[in-house]
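The next block holds one structure in the form of structure tokens; read it before the comments.
The values are calculated or read from the model by the stated rules, or taken from the named source; none is laboratory data. If you're wondering where the values come from, they're calculated on a predicted model, not measured in any experiment. Glycine also receives a Cβ, built like all others from the backbone with ideal geometry; neighbour counts cover every protein chain displayed. SASA here: full protein model, heavy atoms, side chains in, ligands and nucleic acids out. Shrake-Rupley method; radii C 1.70, N 1.55, O 1.52, S 1.80 Å.
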Amino acid sequence: MIKFKAPIIYGFVVAFSGSALMLTLIWLKLLGPKAISLDNEMVGGTILFLMLYLFLLFGIYFAIRKRKELNSQIISYKEALLQGLVLSLSTAAFSIVFTYVFYELLYPDYVSETLNATKMKMQEANVSAEKLEIKLLEKKKYYSTSVQSFYSFVGNLITGLAFTLLLSFFLKSNKK
């Protein structure tokens, strides 16, 4: 268990950083209901998307490097894979917790406010009532805690595994 301490801690840090960034972008009106009203949501969404990838990439890199340092600069491909896998799983698990905390405790009106902002924007654009209703139902489902948690978990896991495969190859020790 001790050899997985760093990737678990780094997984927590990665998930927390993503949540903190999301809250910051909401505060800056680059995500959320105000961003929709101001037409800033695409900018904020792009920043969040790219930064989440970078947080995960750096977290995996540092977890593998930490294990390599603790092991006299030697790490096998398999060990590097395990470090990245544990980090990806812990990031995915912690992201579920942070998603729940955000949607259910910190900002329980997020979905309803986002739906109202979307509705107002679509009405301004003269979208038909039928299309409006379909889009709002789609958004309501998408922004639900369960769907956001699922996407967060799967996204962190799949992206983390892809980064792990690459970084493990480049960070593994070369046999002489």
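Applying the set (1) free of Cβ contacts under 8 Å to residues at least 24 places away in the same chain; (2) surrounded by fewer than 18 Cβ atoms within 10 Å (Cβ to Cβ); (3) more than 12 Å from the chain's Cα centre (by Cα) to residue 37 leaves exactly one unmet item: (1).
Among the residues of the stretch 111-135 satisfying the criterion of being in contact (Cβ under 8 Å) with a residue 40 or more places away in the chain and not β-branched (Val, Ile, Thr), which is least open to solvent (accessible area, probe 1.4 Å)? So that I can check it myself, show each step before the final result.
Of the residues in the stretch 111-135, the ones in contact (Cβ under 8 Å) with a residue 40 or more places away in the chain are 113-114, 116-118, 120-121.
Those left that are additionally not β-branched (Val, Ile, Thr): 113, 116-117, 120-121.
Values: 113: 74, 116: 91, 117: 10, 120: 114, 121: 53 Å².
Applying the filter and picking the extreme gives 117.
How many residues are under 16 Å from residue 113 (Cβ atoms) and touching a residue at least 12 places away in the same chain (Cβ under 8 Å) when one looks only at the stretch 1-27? Please lay out each step first, then the result.
Pass one, the stretch 1-27, residues under 16 Å from residue 113 (Cβ atoms): 22-23, 25-27.
Going one step further and asking which of them are touching a residue at least 12 places away in the same chain (Cβ under 8 Å), we end up with 22-23, 25-26.
Counting residues in the stretch 1-27 that are under 16 Å from residue 113 (Cβ atoms) and touching a residue at least 12 places away in the same chain (Cβ under 8 Å) gives 4.
Can you find a residue in the stretch 159-167 that is in contact (Cβ under 8 Å) with a residue 60 or more places away in the chain, among the polar types (S, T, N, Q) and open to solvent by less than 100 Å² (accessible area, probe 1.4 Å)? Yes, the conditions are met somewhere in the stretch 159-167. Filtering the stretch 66-111 to residues that are assigned to a helix (DSSP H, G or I) and among the charged types (D, E, K, R) leaves 66, 67, 68, 69, 78, 79, 104.
Of the set (1) under 20 Å from the mean Cα position of the chain (by Cα); (2) open to solvent by less than 80 Å² (accessible area, probe 1.4 Å); (3) aliphatic (A, V, I, L, M), all apply to residue 42 but (2).
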